[in-house]
Amino acid sequence: MSADAALVKRCLHGEPAAARELVERFQSDVLAVCRRLLAHLHDAEDVAQEVFIRVFRSLNRWDHTRPLRPWVLSIAVNRCRTWIGKRGKGPELADYLHEAPDRRPTDDSAEMVREIRAAVDALRDEYREVFVLFHEQGLAYEQIAETVGRPVGTVKTWLHRARLEVLDRLRGRGLVPADEQNEPSKREAPQTPSVQG
Amino acid sequence: MFKVHPTPEDEPVAPECRATVELIQRALDGDAPTDALDADGHASACPACRERVRAAQVLLSVLAIPAEPVALPAGFAERVLTAVAEDRRVRVRGRVYKTAARLALAAAVLVGVWFIAKPTDPAPTGDVVAVPPPNAPDVAPPPREKAPAPEPAPEPRPIRVGDALASTGQAILDVPKPLAESVAVAPKVLDALSNPFKLPAAPVTDPMATALEPARRSLADLPVAARHGLEPVTGTAEKALARFLRDVGSVKPNS
């Protein structure tokens, strides 16, 4: 029996220590996902609490042949989707930037970190989910597919599109180091020469 | 709910650029070394792909920064555990209420089904008193033979009018002295009751006695009047009781 299965079994037997262990094992991941998907600290805490309530309600339905972490994160993603649906609007970037602590507040890359975060926050919800789960939570494609309930091919497509959008945002914001030998990017459709009238 | 964003597919990617974009994706997947981006031949010739490669390198460098541990709110685990325990209590209470409600509903359904499907009397004659023909003799028929006693039922049987009347009639018929004789004694009882009102004979000289003489005479005549008044009643009562006993005796038990 895996460590996850043993922990879940103890939780199902009603051991308080096991419940605490489960919460402490996953609280960081759940909070991180909720914060990144909701972009609101207080909402993230509320939703993270709901996530654990759902986790304990559904523990008897967990497939013990699969890893526990993606399953817990899938509940977190679903609760975030529900919360976003209730909120009726997308993540508020300004709130997030005001509330979220910077990872590197004094480093030169702080601005780049913020820009990438903002780019991720601006993604549509499905893209943001797979981006966060892959690049921040380190889940594999198969685990993300289980987490978001979509085929692996769809997850790959979403992630690739998400990355291209983030790259485009970095390019559009002028955060890509200038190329000394070449002209600035002309990736957009060729501009029609203006006609002087 | 989702915001509308233009997809990257809306942006034309030249076929010759697709290999470079695929290389960028593999590098971001961790399946290709980052150095491979520098060595991409198409990127050196295509400005757009060169810029994509540089952006990917920036992204890779930022993603390579180890994330600081998530700052956990103070007491978060305790709050979660408290909420989980409260949720469990609420759900257990809800289950108990649900079970009780289901049991009550099931009991109500069972009672309703029992009332609907309970066995009815096999024949309506069980509750109907048989009417004798008009020219039947005015005497009570002999007592019917008792039906064999039914097997003891596990549950108490419901009270049936026919059974109750039959057993009552039989019990009356089995009384050693017929009740009709008791009814015939009624005038004598009235005589006995009126005796105290009979005053001894006294001289009429007393004015009070003279004044009360009409009342005394009325009281003295009361037994006779009662006898005469009740005679048809008692006769009718005797006949009615005899007829009743005869009819009761003819009632057939329905089971």
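The values are calculated or read from the model by the stated rules, or taken from the named source; none is laboratory data. In this text the structure is predicted, and so the values were computed from the model without any measurement. Virtual Cβ from ideal backbone geometry, glycine too; neighbours counted across all protein chains shown.
Results for (1) within 30 Å of A:Thr82 (Cβ to Cβ); (2) modelled with pLDDT of 80 or more; (3) within 12 Å of chain A (Cβ to nearest Cβ); (4) under 60 Å from the mean Cα position of the chain (by Cα), shown as yes or no for each residue.
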{"residue": "B:Glu9", "(1), (2), (3), (4)": "yes, no, yes, no"}
{"residue": "B:Val13", "(1), (2), (3), (4)": "no, no, yes, no"}
{"residue": "B:Ala39", "(1), (2), (3), (4)": "no, yes, no, no"}
{"residue": "B:Arg50", "(1), (2), (3), (4)": "no, yes, yes, no"}
Could you tell me whether any residue of the stretch A:35-54 is within 9 Å of chain B (Cβ to nearest Cβ) and within 20 Å of A:Ala6 (Cβ to Cβ)?
yes
Pairs, please: C-beta under 8 Å, at least 6 apart or cross-chain, first residue within 15 Å of A:Arg57 (Cβ to Cβ) and within 12 Å of another protein chain (Cβ to nearest Cβ) and in the stretch B:86-100, second in a helix (DSSP H, G or I) and of a type in the set (Lys, Arg)?
B:Asp87/A:Arg57; B:Arg91/A:Arg57
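Quick check on B:Leu241: is it modelled with pLDDT of 65 or more and either under 30 Å from B:Ser167 (Cβ atoms) or part of a helix (DSSP H, G or I) (or both)?
Working: modelled with pLDDT of 65 or more: yes; either under 30 Å from B:Ser167 (Cβ atoms) or part of a helix (DSSP H, G or I) (or both): yes.
Yes, satisfied.
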Are there any pairs, at least 6 apart or on different chains, whose C-beta atoms fall under 6 Å, with the first in the stretch A:1-24 and more than 9 Å from A:Leu68 (Cβ to Cβ) and without any contact (Cβ under 8 Å) to a residue 24 or more places away in the chain and the second surrounded by fewer than 13 Cβ atoms within 10 Å (Cβ to Cβ) and not aromatic (Phe, Trp, Tyr), and if so, which?
none
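Rundown of residues vs (1) out of contact with any Asp or Glu (no Cβ under 9 Å at 6 or more places or on another chain); (2) surrounded by 11 or more Cβ atoms within 10 Å (Cβ to Cβ), yes/no style:
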| residue | (1), (2) |
| --- | --- |
| B:Leu28 | yes, yes |
| B:Leu37 | yes, yes |
| B:Glu51 | no, yes |
| B:Arg54 | no, yes |
| B:Leu59 | yes, yes |
| B:Val80 | yes, yes |
| B:Gly94 | yes, no |
| B:Val111 | yes, no |
